[in-house]
Amino acid sequence: QDRIERFLSRPTAKPYRSDALEKSTVPHKNRDGLLDFSPGDIENPKNWSTRRRYYITVVSVLLVVNATFASSGPSGTLVGIAEHFHVSRVAAGLVITLFLLGYCFGPLFWAPLSEFYGRRWIFYISFTLYLIFNFLCAFANNFGALLVGRFLTGTMASAPLSNAPGVLADIWGPVERGNAMALFSMMTFIGPALGPVIGGFLELKEDWRWIFYVMLWFAGITEVLMFTIPETLGPIVLLNKARRLRKLKIPGYENIQAPIEVTDRSLLALYRVALTRPWKILVDPISLAVAVYLSVVYALLYMLFTIYPIVFQQKRGWNSGVGELPLIGTAIGAAIGGSIIFAVSVRDRKKLEAGHKGVPEDRLPVAMLGGVMFPITMFWFAWSGQYNSVHWIVPTLAGVFLGTSILLIFVAYLNYITDSYLMYAASALAANTVCRSAAGAAAPLFTEQMFTALGVGGGGSLIGGIAVLLMPIPFIFYKYGGPIRERSKFAPTPDPNEEHEVEAHSQRRSSAASSTDVSETTDVESSSQEDRNDVGVKPEDSRDTVIGGSDRPRGEDPEKDLEKGES
């Protein structure tokens, strides 16, 4: 019985659980007398063993692969769905559209909850519901039930997509987090590329329901692994530790409290910020331009699941299984793009160790490369796919480098938004997610008609032409991004006079390693603003808002944006 209890309590237990160690260790307090992580604290998620953090990363990425695989899997079985329910092929495409519309709604709903209750409970609830609603899809007896099931599964599957980056930010430092985010981004493209391939072969050999059976098996296995993920959100880890310490009744620490316990934050306030601030940031020049660019890229990603069957099935006569195999080329391209990101991260680490002081625009050379490759590979794919006399490997190779360009653009711009908006990055990313998911949701509804009317060459050239128009954006921001951010209300930049002070503060912070990650409340925010007002700094112009008595700057963990009040 004791072994079972210890296993079930593992997600909330400290990484090296021992009552003797707990009692012999003096709890570390911050300057406000609240529980905090000590320097090198083994309970700080960023100080966990590398092996444990890699395990958490792999399981989190598996949750993401479930979501992305499910988003496109049925696209390989649309013909079977249309015939079974006696609907048109366009109507059958709604199973993709409604799933992606769930992506639009989900992040705005799940993200505040994950900051309020912690990461693991959101994983537990949302993914379990995702598994349950997949049964509705697999055994739907009418088309309406299938569509309802797809919307609900999309809403539930969006939780890992918004929660997993937060987990990676909880457990990895800035440089290592870049590699982890590259892996996360690769899975957001590899998952959708593999879905239609597996779905196409299943429809060929079985029927359309089998793709949902595969989703159920995959989700069931992942569900077991998911329950081994511990809590990684710093404030909640401290809360769990404070509760354990109070039970131990250590003399002098019988009433010790975590910073989150003395705040007056409310879930309603989190939702007020989560539902209003993203739209204010969306009209900011950087946010708007990036949202337009990534919406086009994301729409193309889901258009490919219709374009490839046109090129390889309708025009070349391949069956529904083999005709989807060239999509694997886009997955290979995403892996190549991820390798480039890894290489760039190594270079950035060396520059950081050499004392280089980075700016957000340092992220844009990768976007420049992807932006130039995007239209070139799009024209290449379109006109090589137009003619059956061209060997099939030619458009397939074009798809490889198209996948590379898409991933480079995607990762570079998401990193640029994060670095530009700092403490408001979560709101900026939420707005971006809604916009690009809406564009992706619309793609299956018009792609077939568009390419039937214009042809593969004409339709691809239209997308390539739009890509040419968007291509100058990273070059413009690389040159003028700094002045644009200085005029932005939400993209903070330090005053030149403060740079020395900020640098010194950063050095102290790196040696302190406290990283409390406490949610900001009205009291803390007001006191922080008073401190800044004393030196004549506007709240929106400061990078170094001290939170909850720790030495972590406000902008270090942008995921905490959802806990901030209105500026």
- Query: So which residues in the range 455-505 are within 30 Å of W380 (Cα to Cα), exposed (fewer than 15 other Cβ atoms within 10 Å of the Cβ) and modelled with pLDDT under 90?
  - Reply: K479
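Could you list, in sequence order, the residues of the range 213-248 that are among the aliphatic types (A, V, I, L, M), closer than 29 Å to L63 by Cα and either open to solvent by less than 30 Å² (accessible area, probe 1.4 Å) or touching a strand residue (DSSP E or B) at 6+ places or on another chain (Cβ under 7 Å) (or both)?
Kept after step one, since they are among the aliphatic types (A, V, I, L, M), are these residues of the range 213-248: 214-216, 219, 221, 224-226, 229, 233, 236-239, 242, 245, 248.
Subsequent filtering for residues that are closer than 29 Å to L63 by Cα retains 214-216, 219, 221, 224-226, 229, 233, 236-239.
Within the range 213-248, M215, L216, A219, M226, I229, L233, I236, V237, L238, L239 qualify.
Name the single residue that is farthest from A426 (Cα to Cα) among those in the range 244-276 being among the hydrophobic types (A, V, I, L, M, F, W, C) and part of a loop (DSSP other than H, G, I, E, B). Before you say what the answer is, go through the steps one by one.
Filtering the range 244-276 down to residues among the hydrophobic types (A, V, I, L, M, F, W, C) leaves 245, 248, 250, 256, 258, 260, 262, 267-270, 273-275.
After this cut, where a residue has to be part of a loop (DSSP other than H, G, I, E, B) as well, the list is 250, 256, 258.
Numbers: I250: 39, I256: 31, A258: 24 Å.
Checking each candidate, the answer is I250.
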- What are the residues in the range 277-293 that are outside any helix (DSSP H, G or I) and either of a type outside the set (D, E) or in contact with a Leu (Cβ under 8 Å, 6 or more places away or on another chain) (or both), if any? V283
- Message: Of the residues G80, G76, only one is open to solvent by less than 10 Å² (accessible area, probe 1.4 Å) and either at pLDDT below 90 or farther than 25 Å from C435 by Cβ (or both); which?
- Response: G76
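Does V390 qualify as being touching a helix residue (DSSP H, G or I) at 6+ places or on another chain (Cβ under 7 Å), of a type outside the set (G, A, S), over 20 Å from S72 (Cβ atoms) and assigned to a loop (DSSP other than H, G, I, E, B)? Spell out how you get there, then give the answer.
Values: touching a helix residue (DSSP H, G or I) at 6+ places or on another chain (Cβ under 7 Å): yes; of a type outside the set (G, A, S): yes; over 20 Å from S72 (Cβ atoms): yes; assigned to a loop (DSSP other than H, G, I, E, B): yes.
The answer is yes for V390.
Here is a check on your reading of the model: is R150 modelled with pLDDT under 90 and charged (D, E, K, R)? Spell out how you get there, then give the answer.
Details: modelled with pLDDT under 90: no; charged (D, E, K, R): yes.
So R150 fails the test.
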- Task: Would you confirm whether any residue within the range 448-465 is without any contact (Cβ under 8 Å) to a residue 60 or more places away in the chain and within 27 Å of the chain's Cα centre (by Cα)?
- Result: no
- Considering only the range 231-243, how many residues are assigned to a helix (DSSP H, G or I) and closer than 19 Å to I122 by Cα? 7
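Kindly indicate which of G173, G195, G191, G166 is under 30 Å from V344 (Cβ atoms) and touching an Asp or Glu at 6+ places or on another chain (Cβ under 7 Å). If you could, list the steps in order and put the result at the bottom.
Values: G173 fails: touching an Asp or Glu at 6+ places or on another chain (Cβ under 7 Å); G195 fails: touching an Asp or Glu at 6+ places or on another chain (Cβ under 7 Å); G191 fails: touching an Asp or Glu at 6+ places or on another chain (Cβ under 7 Å).
Of the residues listed, the single one that is under 30 Å from V344 (Cβ atoms) and touching an Asp or Glu at 6+ places or on another chain (Cβ under 7 Å) is G166.
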- Output for the range 347-362, where each listed residue is open to solvent by 80 Å² or more (accessible area, probe 1.4 Å) and part of a helix (DSSP H, G or I): R347, R349, K350, L352, E353
- Considering only residues of the range 374-398 that are under 17 Å from L454 (Cβ atoms) and small (G, A, S), which is nearest to the chain's Cα centre (by Cα)? A382
- Which is under 20 Å from F184 (Cβ atoms) and of a type in the set (D, E, K, R), of R277, R265, R316, R349? R349
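Mind listing whichever residues of the range 38-67 are of a type in the set (S, T, N, Q), in contact (Cβ under 8 Å) with a residue 40 or more places away in the chain and surrounded by fewer than 22 Cβ atoms within 10 Å (Cβ to Cβ)? Walk me through how you get there before you give the answer.
At the first step, the residues of the range 38-67 found to be of a type in the set (S, T, N, Q) are 38, 44, 47, 49-50, 57, 60, 66.
So of that shortlist, the ones also in contact (Cβ under 8 Å) with a residue 40 or more places away in the chain come out as 38, 44, 47, 57, 60, 66.
Result: S38, N47, T57.
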- Message: Would you confirm, using the coordinates I've provided, whether Q386 is surrounded by fewer than 18 Cβ atoms within 10 Å (Cβ to Cβ) and more than 30 Å from K280 (Cβ to Cβ)?
- Response: no
- For G80, which of the numbered conditions (1) assigned to a helix (DSSP H, G or I); (2) more than 15 Å from V197 (Cα to Cα) fails to hold? (2)
- Note on the structure: Being of a type outside the set (D, E), open to solvent by 80 Å² or more (accessible area, probe 1.4 Å), modelled with pLDDT under 85 and under 30 Å from I132 (Cβ atoms) narrows R10, R17 down to just R10
- Just give me the residues in the range 304-319 being under 11 Å from W392 (Cα atoms) and either open to solvent by less than 10 Å² (accessible area, probe 1.4 Å) or touching a Leu at 6+ places or on another chain (Cβ under 7 Å) (or both), in sequence order. V311, F312
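Which of the residues that make up the range 249-265 are surrounded by fewer than 15 Cβ atoms within 10 Å (Cβ to Cβ) and either of a type outside the set (S, T, N, Q) or modelled with pLDDT under 75 (or both)?
Taking the range 249-265 first, the residues surrounded by fewer than 15 Cβ atoms within 10 Å (Cβ to Cβ) are 249, 251-252, 254-255, 261, 264.
Of everything in the range 249-265, those that are surrounded by fewer than 15 Cβ atoms within 10 Å (Cβ to Cβ) and either of a type outside the set (S, T, N, Q) or modelled with pLDDT under 75 (or both) turn out to be K249, P251, G252, E254, E261, D264.
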- Query: What is the one condition in (1) open to solvent by 20 Å² or more (accessible area, probe 1.4 Å); (2) more than 23 Å from A92 (Cβ to Cβ); (3) in contact (Cβ under 8 Å) with a residue 12 or more places away in the chain that A430 does not satisfy?
  - Reply: (1)
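The values are calculated or read from the model by the stated rules, or taken from the named source; none is laboratory data. Everything numeric in this text was worked out from a predicted model, so none of it was measured. Positions of Cβ are backbone-derived with ideal geometry, glycine not excepted, and every protein chain shown enters the neighbour counts. Side chains are part of the model used for accessible areas, which takes the heavy atoms of the whole protein and leaves out ligands, DNA and RNA. Shrake-Rupley method; radii C 1.70, N 1.55, O 1.52, S 1.80 Å.
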